[in-house]
1. Does any residue in the range 80-95 that is modelled with pLDDT of 80 or more come within less than 9 Å, Cβ to Cβ, of a residue that is surrounded by fewer than 16 Cβ atoms within 10 Å (Cβ to Cβ) six or more places away or on a different chain, and which pairs are these?
Amino acid sequence: MAKMPQKVDRAAFIASNPRCCYCAGRRPTTEIDHAPARIVFIKKHGPEGFLFPSCSECNRIAGVSEQVMAFYIRSFDRSACGLDEAEFEKLVSGLGSGPIDVRGTI
């Protein structure tokens, strides 16, 4: 069974990483980015410790591609514990909530 992720002290993380690592520090850190994105993993239980300081602009840029990647990975994971139908349906419905509705192409 996957281990539950540890809660990160957001304020302490941002204080120790004050500038966004994606835009070369042009903007201050406002969010914690998870890489790979938590959406890829069952119940969002991904590996621990892969946290990166991000501004909201940089963190949002990859959102659509992360959802498409998660959909692709989950579509091929047909193991008994790897596909939760409700979670998968939520992922599919989320594909149409971004700037580009990709549901009609699936």
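1. The qualifying pairs are Ser93/Arg103.
Per-residue answers, yes or no, for (1) over 15 Å from the mean Cα position of the chain (by Cα); (2) part of a helix (DSSP H, G or I); (3) more than 14 Å from Val8 (Cβ to Cβ):
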{"position": "Arg26", "(1), (2), (3)": "yes, no, yes"}
{"position": "Asp33", "(1), (2), (3)": "no, no, no"}
{"position": "Pro36", "(1), (2), (3)": "no, no, yes"}
{"position": "Glu48", "(1), (2), (3)": "no, no, no"}
{"position": "Pro53", "(1), (2), (3)": "no, no, no"}
{"position": "Cys58", "(1), (2), (3)": "no, yes, yes"}
{"position": "Val68", "(1), (2), (3)": "no, yes, yes"}
{"position": "Arg74", "(1), (2), (3)": "no, yes, yes"}
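The values are calculated or read from the model by the stated rules, or taken from the named source; none is laboratory data. Because the structure is a prediction, the values reported are computed rather than measured. Neighbour counts are summed over all protein chains in view; Cβ atoms, including those assigned to glycine, are modelled from backbone coordinates with ideal geometry.
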